[in-house]
Amino acid sequence: MKRLAHYFRELQSGQSTYGVIYEGSYYDQGEMISDPTYWYNDVAYHIERTHKLSLDIPCITIQIPFDRLGLDENKNEIVLSDWALRRWGDHIEALNQLIYNRSRSDKENGAFYCFHPTNVVLQRNASHVKVISDTWYLCLMITVQLPFKNNDKAMRMLCKMLPKEVEEFITTWDLHQLNAAYDLVNQQNRIREWLKTSSYCAFIANGSILPRNKEGNGPLAGALPFTSPDDIEIEICGLRGMGISRGVTVITGGGYSGKSTMLDALNSGIYNHILGDGREFVITDPTAMEISAEEGRSIKNMNITPFIKWIPHGSAEQFSTDYASGSTSQAANIMEAINYGCKLLLIDEDRSATNFMIQDIKMRSLIKREPITPFTERVRELYEAAHVSSVLVIGGSGEFLSVADQIILMDNFVATNVTQEAKRLCENDKPRERIPYTHWDIERLITSDHFSSYPQGSGTEKLTVSTMGYIGMGDEQVDIRGLYNITSNAQLVAIAFLLRKIAISNQDRLILPHEKIRKALEDMEREGVDIVFSSFFPGFDRWLELPRMHEVLAVLNRMKHVNFIKSEHSSQNV
């Protein structure tokens, strides 16, 4: 740190470019060496540009050796990194309290920034494990706004305040709490492994708190803990709770009864949650996707004939539109989800197109020429032929009762199994005429013509992510507001950079998206999420979280300028 302090002292008064701290140049035995890594005791501070034009906002990776923390190299690195990041956030707040000045902006005053994660446990760049010369390090990434034209304060922030707080972080390291985090994730993973070979696609443990607080980041205070109906209660790995069977499950009930809250909890259960979240033991098939109508989305060359028999002046087998209707968008969303490898669909009727979901017997008698095959006619086939289960929130129609395997009634957040009662209500219904099975497996290629981060005719890349729910890449402006499985803006940013990296590194004329994305995600898991980041683009937060392949493909499928073509060997490639 003495070398870094020297650089600050050498800066001219009022200078604010700070380029010298990124170079770290010094002479050693007559040779010029560039090393932007600075040391305080045995902790390394590596400084790099957050963006090439924002030299007053360095990105600093703090590398703490494992032996300072008493860490075992054989433990789960993602759990370690996640737990450490949550504790580190308190220390960043303590630093900011020391320099806070309400009358000045961060640019004038200076500030420390770190990533504040949601309650899911994910691989991130903000905290990760790295091995350097056979030494294992816990790495914490922060960005710092250096105070404008105040080099003395900038030096104090980086050379004195930050190292002191890191030493406090090391001193207060609690292995007992870390081991509790390990134990929790181990139990969650055992449940996930059990579900893989069982007849269940999801599990909600007794005592779970499903409703969220006003901020949506934790359990609602005073909420009723979940209790499974006795007749469908199961035990997994020492925990008792409600098992949701593979097949077709309907969650029903009156308004504000808790049925949508249960579906939201199941949707969040694709990831492990931290202790205290309330949904720690809501465990869902990790391939699950929430499906909705998405009016206005782009669809390119998608076979939607299982649900849409014909399209006026168009083709349902090779359906394309820049502005899909509610029914065609929901049909495409389901077909794409199956193509992604999804084995559990989560559908809320409030977010669905009514004419896509149901058509009762009176309307079927009245309407003689109907192009839509409603979901009620395909939901059983989806499970029987494609092995895709469905959990449906239904409050306004009894059409799904006769095709469901399991029916859960919610009443003031209390669950009751009403399957037999509901089946008795359907005994006198006219038997449904079974329609012929359809073909669910699809495979599409994309051409590299318009899959690019360069706008047409431009020599400069374009990549943006809006907090309003859009990704911009090249000529694309992708609306992702209908994707409910993206957990954070950091995950969305990672998707944007991942797609950009595939686009600029691609050498193929025809691209099999699954293959390219799977390889990129494997590289990110192995080498670190940060390998897709580029400091070339302004306006990005520095934080990335590892996404699923499902969401990366979903973003790609919403691009309007990319050309999708049907593969000659159409088969599910997941």
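Read-outs: derived from the displayed coordinates by stated rules, not from any lab. Bear in mind that the values here come from a model prediction, so they are computed numbers and not experimental data. All Cβ positions, glycine included, derive from the backbone under ideal geometry; neighbour counts span all protein chains shown.
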Response to the item:
With no solvent term and unit scatterers on the alpha-carbon positions of region 444-566, Debye gives log₁₀ I(q)/I(0) at q = 0.15, 0.17 Å⁻¹ of -0.62, -0.82
Item to complete: Using θ = phi - 60° and the Karplus relation 6.51 cos²θ - 1.76 cosθ + 1.60, list the HN-Hα couplings for region 493-504 in order, rounded to whole Hz, with x at every Gly or Pro.
Response: 4, 4, 4, 4, 5, 5, 5, 4, 5, 4, 5, 6
Worksheet entry | Dimensionless Rg/Rh of the chain - Kirkwood Rh, Rg from C-alpha atoms | 1.02
Worksheet item: Got a sec to turn the phi values of region 483-491 into Karplus ³J(HN,Hα) couplings, 6.51 cos²θ - 1.76 cosθ + 1.60 with θ = phi - 60°, whole Hz, x for Gly and Pro?
Response: 9, 8, 9, 7, 7, 7, 5, 5, 6
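Per residue Cα convex hull volume for region 289-423, in cubic angstrom?
Working: hull volume 16.0 nm³, N = 135.
Output value, Cα hull per residue: 118 Å³.
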Item to complete: May I ask you to evaluate 6.51 cos²θ - 1.76 cosθ + 1.60, the Karplus curve with θ = phi - 60°, for each residue of region 136-153 and list the ³J(HN,Hα) values in order in whole Hz, giving x for glycine and proline?
Response: 8, 10, 8, 10, 10, 9, 9, 10, 10, 8, 6, x, 4, 6, 9, 5, 5, 5
Worksheet entry | Fraction of antiparallel bridges per DSSP, the chain only, in percent to nearest 5 | 80 percent
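Please compute one quarter of the surface area of the Cα convex hull for region 2-173 and express it in square nanometres. Mind showing how you got there, number by number?
Values: hull surface 44.6 nm².
Taking a quarter of the hull surface, the average projection is 11.1 nm².
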Discussion item. Run the reach check for Lys430 against aspartates and glutamates, Cα to Cα strictly under 12 Å, same-chain hits fewer than 8 apart removed. What comes back?
Written reply: Asp360, Glu399
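If you take the C-alpha gyration tensor of region 194-425, multiply each eigenvalue by 5 and take the square root, what semi-axes do you get, largest first, in whole Å?
On the way: eigenvalues 201, 75, 55 Å².
Calculated on Cα positions only, the semi-axes equal 32, 19, 17 Å.
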Worksheet entry | Cα Rg, Dmax, region 135-175, angstrom units | 13.0, 42
Worksheet entry | Projected-area average for region 143-285 over all orientations - Cα convex hull basis, square nanometres | 13.0 nm²
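Grab the beta carbon distance between Asp90 and Gln318, set R0 = 45 Å, and tell me the FRET efficiency rounded to 0.05. Please report the intermediate quantities before stating the final value.
Numbers: r = 55 Å, r/R0 = 1.22.
Rounded to the nearest 0.05, the efficiency is 0.25.
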Worksheet item: How many Lys pairs in region 123-231 lie less than 28 angstrom apart by Cα atoms, where the lysines are 8 or more positions apart or on different chains?
Response: 5
Fill in: Stretch gain in nm, segment Trp310-Glu73, where the contour uses 0.36 nm per residue and the Cα spacing is subtracted
79.5 nm
Fill in: Over 18 Å [Cα-Cα, region 224-290], rounded percent
41 percent
Discussion item. In region 371-400, whose amide N lies under 14 Å from the spot 7 Å out along Cα-to-Cβ of Leu425? List them in ranges.
Written reply: 394-400
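Which order do peptides 220-228, 128-136 fall in by mean Cβ count within 10 Å, highest first?
Numbers: 220-228: 15.3, 128-136: 13.0.
Order by mean packing, descending: 220-228, 128-136.
Mind giving me the FRET efficiency for Thr17 and Asp152? R0 is 25 Å, r the Cβ-Cβ distance, nearest 0.05 is fine. The partial results should precede the final answer.
On the way: r = 16 Å, r/R0 = 0.65.
In this case the efficiency is close to 0.95.
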Practice prompt. Report Rg/Rh for region 494-534, rounded to two decimals, where Rg is the Cα radius of gyration and Rh the Kirkwood radius.
Written response: 0.95
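For region 213-249, state which GluC sites (Glu not before Pro) are in a DSSP loop and have at most 16 other beta carbons lying within 10 Å of their beta carbon.
Values: sites: Glu215, Glu233, Glu235; in loops: Glu215.
Listed in order of number, the matching sites are Glu215.
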Practice prompt. Would you please give the FRET efficiency between Ser34 and Asp523, computed as 1/(1 + (r/R0)^6) with r the Cβ-Cβ distance and R0 = 25 Å, to the nearest 0.05?
Written response: 0.35
Practice prompt. Would you calculate the separation in nanometres between label points at Gln456 and Lys107, each defined as 7 Å from the Cα along the Cα-to-beta-carbon direction?
Written response: 3.7 nm
Worksheet item: So what is the relative contact order for region 2-173, in percent, with contacts set as C-alpha pairs under 8 Å and at least six apart?
Response: 27 percent
Worksheet item: Under a point-charge model restricted to the Cβ atoms of Lys and Arg (+1) and Asp and Glu (-1), what is the dipole moment magnitude of the chain relative to its Cα centre, in debye to the nearest 20?
Response: 1040 debye
Worksheet, complete the sentence: Ranking Gly528, Val248, Ile62 by how far each Cα lies towards the positive end of the charge dipole of the chain (+1 on Lys and Arg Cβ, -1 on Asp and Glu Cβ), the top one is Val248
Discussion item. I need to check one value: relative contact order of region 444-566, counting alpha carbon pairs closer than 8 Å and at least 6 residues apart, in percent.
Written reply: 39 percent
Worksheet item: Between the helical axis of 513-527 and the dominant principal axis of the chain, each derived from Cα atoms, what acute angle in degrees is found, rounded to the nearest 10?
Response: 40 degrees
Discussion item. Quick check: net charge around Gly396, other residues with Cβ under 14 Å of its Cβ, Lys/Arg +1 and Asp/Glu -1?
Written reply: -3
Fill in: Pairwise label distance in nanometres, Ile565 with Asn41, each label 7 Å out on the Cα-Cβ vector
6.2 nm
Fill in: Of Lys300/Lys516; Lys462/Lys560; Lys2/Lys107; Lys462/Lys501; Lys75/Lys519, pairs whose Cα-Cα distance is over 23 Å
Lys2/Lys107; Lys75/Lys519
Worksheet entry | For the chain: relative contact order, % (alpha-carbon pairs under 8 angstrom, 6 or more apart) | 13 percent
Worksheet item: At Ser199 and Asn179, where each label point lies 7 Å from the Cα along Cα→Cβ, what is the point-to-point distance in nanometres?
Response: 4.0 nm
